[in-house]
Amino acid sequence: MLNRSIAPPIKDAIDYALTLKPYDHYLLDNGVPVYTIDAGAQDVLQVELVFYAGNYFEQRKGIAAATNYMLKNGTSKRTAFQINEDFEYYGAYCNRSCYNETAVISLHTLSKHIEKLLPVIQDMLTDSIFPEEELNIYKQNSQQRLKVNLQKAEFVAGRLIDSYLYGEKHPYGTYTKLEDIEGLSTGEIKKFYQDYYLKGQCVMFVSGKLPVGLAQLLNKHFGQLNVVKPTYKLPVIESHPAGQKKYRIQNDESAVQGAIRIGAPFPNRHHPDFKRVVVLNNVFGGFFGSRLMGNIREEKGYTYGIYSYLQNHIAQSAWIISTEAGKDVCEKTIDEVYLEMKKLRDEKIDEEELLLVRNYMIGGILGDLDGPFQIMAKWKNIILNNLDEQYFYESVQEIKTVSAEALQDLANKYLQPDLFYELVVY
Amino acid sequence: MIKFEKFSLPNGLRVLVHEDTSTPMAVVNVLYDVGARDEDPHKTGFAHFFEHLMFGGSKNIPVYDEPLQVAGGENNAYTTNDLTNYYCQLPAENIETAFWLESDRMLSLAFSKKSLEVQRKVVSEEFKEHYINKPYGDVWHKLRELTYTTHPYKWMTIGASLQHIQDAKLDDVKNFFFKHYTPANAILVVAGNVKKDEVKQMAEKWFGPIPAGIKYDRNLPVEPAQTGPRKLEVKANVPLDALYKTWHIYARTDPRYYVADLITDILGGGGSSRLYQSLVKEKQLFSSIDCYHLGSTDTGIITIDGKLVKGVDMKVADAAVTEELKKFMEDGITQAELEKVKNKTESAMAFEDMSVMNRAASIAMYELLGDANLINTELLRYQSVTAAQILEESRIIFNENNCNTMYYYAVQKES
């Protein structure tokens, strides 16, 4: 008779040797580095061109995002419609994304179509003209989108907590207002394009099933651009955190929930505590089995979900707790968050719980390494943060071995309520 | 070509195995043939609510998540109007943990009072977060009610009313479980770094002893053909006017489904699609517009939804959409447009099949539709669609008597 109350034996995930498949690497004629991962069963390809053209470099709010967006809105040879048509005809996706530090153009396509598509990207990166009419449509539509977002408490809360943590003048704390979008001009966008794309710093990441002759093809289309390889270093910009620590803001009088954000400044990945705090964060609020989730959702039912995380910035980070909770239980939720911090400061995490978290995290990394795009995402993160593969292996080692004492010390160092900004947007 | 093998246990559980040794992981996907369409109209939201309760402990195992996490796994689940799907991924060596957990909750839940009370609150917060405390959050609630008069697609998976979840009793939970959560109503897909023989052995060991239960006989009211246009005007606290239009299409297994699917791509898929180019870029009546369908198993709907540029009159915007559709119905499409949407479909499928977790879910979903091998033959069906079929179907679908229109007006002070 099967005894269902006994769990089958398991291999502890921490007994797995994790390896990050190494990349291939070469330089284009102009020195632009190309990192590649050749893997996967499907004939698909992801090409990412990363420029140091995020809002970190803009003189005026909204320029970096607008420039990045409008790369697909017209060259002297192709209208916006034609650019879209050129990609979509082949079932390919060309997306652009603007982050704080970098701005990316990415292409997802069946490998067999790559030759048809690279010339279009080359055109965008050498000959974008930023038509006035296209900018007007962009302004109008992004203002409208912003108006909708401004009615969402979670959107407003996300912007405000960043502004408290870094100051509104810092690239990580700034946010775009309707009037900033209104004030955009093609002149400034063209200048930004000139400085940060045409003569910018560029690095490429290519993953998937790589076709023969890809290196030559990339060199043909991108090897002659006037860009240079990145220094992987960012200019230092001082943050100016707010003086006041606690905020309650009413955004919508009919709200039935509050968006809660609790956050404290935290160093970047180069800090010796970072890798260990990643483990502590998982215990605290990093996944579904975390203490915050267990207490505040699964025990009390105050929220649909609560998470803590370290922000994914390059220069400096912050440790944030984020949730949407019923309006009548927001204050209780905040009390419980501080209570969970206190528990982590006062009591060692017991070994059983810690093993669960270790196994969960290692299992997660194993799962994350499924497929070429995921492997490349790990590498990209390492490279853009100016780290090397040691970072990956040391992170794995910390997950496997960091002691409960060390985690308690870190809780005492970082999970102190007076370090945290606290915000509820109703 | 995605390979898999299939067998059934004597209790009726269908098992499909997809081996992929390139990953160290295994995926265990359990699909139950029950969705919001199977709910009592007075107890809506129950299938989804029940999904939450499936994590509240089973007959012999007090909690679901922890043992899985200890084994290096993670999991989630989702409920649609048609089905409920549970999936977990863990290192392949530990796959038996997933068999143990999934089979015990198929055998019987713990029916804990506490889990019921807590999840009632959690789902209420989910309801608030996604459908009340968000601009346009009630759109689908209204749109489904407008579009469906009879079929249970007329309510959303979260439920027609928060009250239905507040009123749920433990007895309701038990009845729902024993009616729907039986081997005969489930499909188990195991994928990743696994061997078919081992899977078979473990399936027999863990799922074999579960009583078969009664196969649920689905007998849903059929949505009658719509005979005249329907309109609804709504005023809401949102910043922008929005226009929503729906038309009834075909069931997922109908050959014309593929034609309808491609029609949505021609009209609304991406920056070179017809509606975007004409109405957002050229006429600038909308700040965004999209055309899509929901892939429903029973007769579904095509939706066009767009937000209007401030100051544009709703009727003008609506007429412009109708004008585009008229062009479509009169002139049809070019060969290049057809080629484009077929290329897009081919590409989308290749990307979707990259992860073993997606492949497992797709195999389960196609098996539910009647044939898991559809995962390999779907593309051919799309490729055989002709421009003439698209023209013909567009004239049937976009007939004004088949149309539902919702004017969603913003009433808000300019801030």
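The values are calculated or read from the model by the stated rules, or taken from the named source; none is laboratory data. Computed from a predicted structure; not experimentally measured. Quick reminder, even Gly has a Cβ in these numbers, built from the backbone with ideal geometry, and neighbours come from all protein chains shown.
From the list A:Ala39, A:Ala7, A:Ala53, A:Ala92, the one residue that fits, being over 26 Å from B:Met354 (Cβ atoms) and touching a residue at least 24 places away in the same chain (Cβ under 8 Å), is A:Ala53. Against the numbered list (1) closer than 14 Å to B:Gly300 by Cα; (2) surrounded by fewer than 12 Cβ atoms within 10 Å (Cβ to Cβ), B:Thr246 comes up short only at (2). Mind checking whether some residue in region A:160-170 is within 14 Å of chain B (Cβ to nearest Cβ) and either in contact (Cβ under 8 Å) with a residue 60 or more places away in the chain or buried (at least 16 other Cβ atoms within 10 Å of the Cβ) (or both)? No. Within region A:281-289, the presence of at least one residue that is away from chain B (no Cβ under 14 Å) and in contact with a helix residue (DSSP H, G or I) (Cβ under 9 Å, 6 or more places away or on another chain) is confirmed. Listed conditions (1) without any contact (Cβ under 8 Å) to a residue 12 or more places away in the chain; (2) surrounded by fewer than 20 Cβ atoms within 10 Å (Cβ to Cβ); (3) within 14 Å of chain A (Cβ to nearest Cβ) are all met by B:Asp331, apart from (3). A count restricted to region B:267-276 and to residues that are closer than 17 Å to B:Gly300 by Cβ and modelled with pLDDT of 95 or more stands at 1. Only a single item in (1) within 30 Å of A:Val256 (Cβ to Cβ); (2) assigned to a loop (DSSP other than H, G, I, E, B) is not met by A:Glu154, and it is number (2). Of all residues in region A:43-74, those that are out of contact with any strand residue (DSSP E or B) (no Cβ under 8 Å at 6 or more places or on another chain) and at negative phi total 8.
Check region B:156-172 and report whether any residue there is part of a helix (DSSP H, G or I), at negative phi, among the charged types (D, E, K, R) and not assigned by TED's automatic domain parsing to the domain that holds B:Trp247. Scanning region B:156-172 turns up at least one residue that is part of a helix (DSSP H, G or I), at negative phi, among the charged types (D, E, K, R) and not assigned by TED's automatic domain parsing to the domain that holds B:Trp247.
State yes or no: is A:Asn30 assigned to a strand (DSSP E or B) and surrounded by fewer than 18 Cβ atoms within 10 Å (Cβ to Cβ)? Spelling it out, it is not the case that A:Asn30 is assigned to a strand (DSSP E or B) and surrounded by fewer than 18 Cβ atoms within 10 Å (Cβ to Cβ). Among the residues of region B:294-313, those that are surrounded by fewer than 19 Cβ atoms within 10 Å (Cβ to Cβ) and under 16 Å from B:Gly269 (Cα atoms) comprise B:Leu294, B:Gly295. Against the conditions (1) within 18 Å of the chain's Cα centre (by Cα); (2) surrounded by fewer than 18 Cβ atoms within 10 Å (Cβ to Cβ); (3) away from chain B (no Cβ under 13 Å), A:Asp368 satisfies every one except (3).
Note on region B:8-66: residues that are within 14 Å of another protein chain (Cβ to nearest Cβ), surrounded by 19 or more Cβ atoms within 10 Å (Cβ to Cβ) and of a type in the set (Asp, Glu) amount to 3. Of all residues in region B:67-76, those being more than 11 Å from B:Leu101 (Cα to Cα) and either more than 7 Å from chain A (Cβ to nearest Cβ) or assigned to a strand (DSSP E or B) (or both) number 3. Test B:His141 against the criterion of being surrounded by fewer than 20 Cβ atoms within 10 Å (Cβ to Cβ), away from every other protein chain (no Cβ under 11 Å) and within 26 Å of the chain's Cα centre (by Cα), and give yes or no. Considered against the rule, which asks whether it is surrounded by fewer than 20 Cβ atoms within 10 Å (Cβ to Cβ), away from every other protein chain (no Cβ under 11 Å) and within 26 Å of the chain's Cα centre (by Cα), B:His141 comes out as yes. Look at region B:222-245: where a residue is among the small types (Gly, Ala, Ser) and a partner is assigned to a strand (DSSP E or B), sitting 6+ places away or on another chain with Cβ atoms under 6 Å, you get B:Ala242/B:Lys307; B:Ala242/B:Tyr408. Hey, can you tell me all the residues within region B:77-109 that are away from chain A (no Cβ under 12 Å) and either among the aliphatic types (A, V, I, L, M) or part of a helix (DSSP H, G or I) (or both)? Answer for region B:77-109, where residues must be away from chain A (no Cβ under 12 Å) and either among the aliphatic types (A, V, I, L, M) or part of a helix (DSSP H, G or I) (or both): B:Leu83, B:Leu109.
Each row is one residue, and each column tells you yes or no for (1) outside the structural domain of A:Asp388 (by TED's automatic domain parsing); (2) charged (D, E, K, R).
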{"residue": "A:Lys190", "(1), (2)": "yes, yes"}
{"residue": "A:Gln194", "(1), (2)": "yes, no"}
{"residue": "A:Phe205", "(1), (2)": "yes, no"}
{"residue": "A:Pro211", "(1), (2)": "yes, no"}
{"residue": "A:Thr231", "(1), (2)": "yes, no"}
{"residue": "A:Gln250", "(1), (2)": "no, no"}
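How about region A:41-58: which of its residues are crowded, with 21+ Cβ neighbours inside 10 Å and facing chain B (nearest Cβ under 8 Å)? Answer for region A:41-58, where residues must be crowded, with 21+ Cβ neighbours inside 10 Å and facing chain B (nearest Cβ under 8 Å): just A:Val44.
Read through the list (1) in contact with a Pro (Cβ under 7 Å, 6 or more places away or on another chain); (2) over 30 Å from A:Lys177 (Cα atoms); (3) of a type in the set (Ser, Thr, Tyr), then give the number of the only condition that A:Thr19 fails. The failed condition is (1). For region A:105-119, filtered to residues that are touching a Leu at 6+ places or on another chain (Cβ under 7 Å) and either not aliphatic (A, V, I, L, M) or not in a strand (DSSP E or B) (or both), the residue that is nearest to A:Tyr197 (Cα to Cα) is A:Leu118. Mind listing whichever residues of region A:157-171 are of a type outside the set (Lys, Arg) and either more than 21 Å from the chain's Cα centre (by Cα) or in a helix (DSSP H, G or I) (or both)? Result: A:Ala157, A:Gly158, A:Leu160, A:Ile161, A:Asp162, A:Ser163, A:Tyr164, A:Leu165, A:Tyr166.
Taking region A:197-238 as the range and being at pLDDT below 95, touching a Leu at 6+ places or on another chain (Cβ under 8 Å) and of a type in the set (S, T, N, Q) as the test, only A:Asn226 passes.
The set of residues in region A:325-368 that are acidic (Asp, Glu), within 30 Å of B:Lys134 (Cβ to Cβ) and modelled with pLDDT of 95 or more comprises A:Glu331, A:Asp335, A:Glu336, A:Glu340.
Out of all the residues in region A:16-27, which are of a type outside the set (A, V, I, L, M, F, W, C), surrounded by 13 or more Cβ atoms within 10 Å (Cβ to Cβ) and within 30 Å of A:Leu355 (Cβ to Cβ)? Result: A:Tyr16, A:Lys21. Consider B:Val194 carefully, then state whether it is in contact with a helix residue (DSSP H, G or I) (Cβ under 7 Å, 6 or more places away or on another chain) and part of a loop (DSSP other than H, G, I, E, B). Here the answer is yes, as B:Val194 does meet what is asked.
Answer yes or no as to whether A:Thr303 is surrounded by 20 or more Cβ atoms within 10 Å (Cβ to Cβ), outside the structural domain of A:Gly173 (by TED's automatic domain parsing), polar (S, T, N, Q) and more than 20 Å from the chain's Cα centre (by Cα). Yes, satisfied. In the set A:Ala259, A:Ala264, A:Ala255, A:Ala318, which member is part of a strand (DSSP E or B), at the interface with chain B (Cβ under 10 Å from one of its Cβ atoms) and either modelled with pLDDT of 95 or more or farther than 27 Å from A:Asp12 by Cα (or both)? Selected residue: A:Ala259, the only one of A:Ala259, A:Ala264, A:Ala255, A:Ala318 that is part of a strand (DSSP E or B), at the interface with chain B (Cβ under 10 Å from one of its Cβ atoms) and either modelled with pLDDT of 95 or more or farther than 27 Å from A:Asp12 by Cα (or both).
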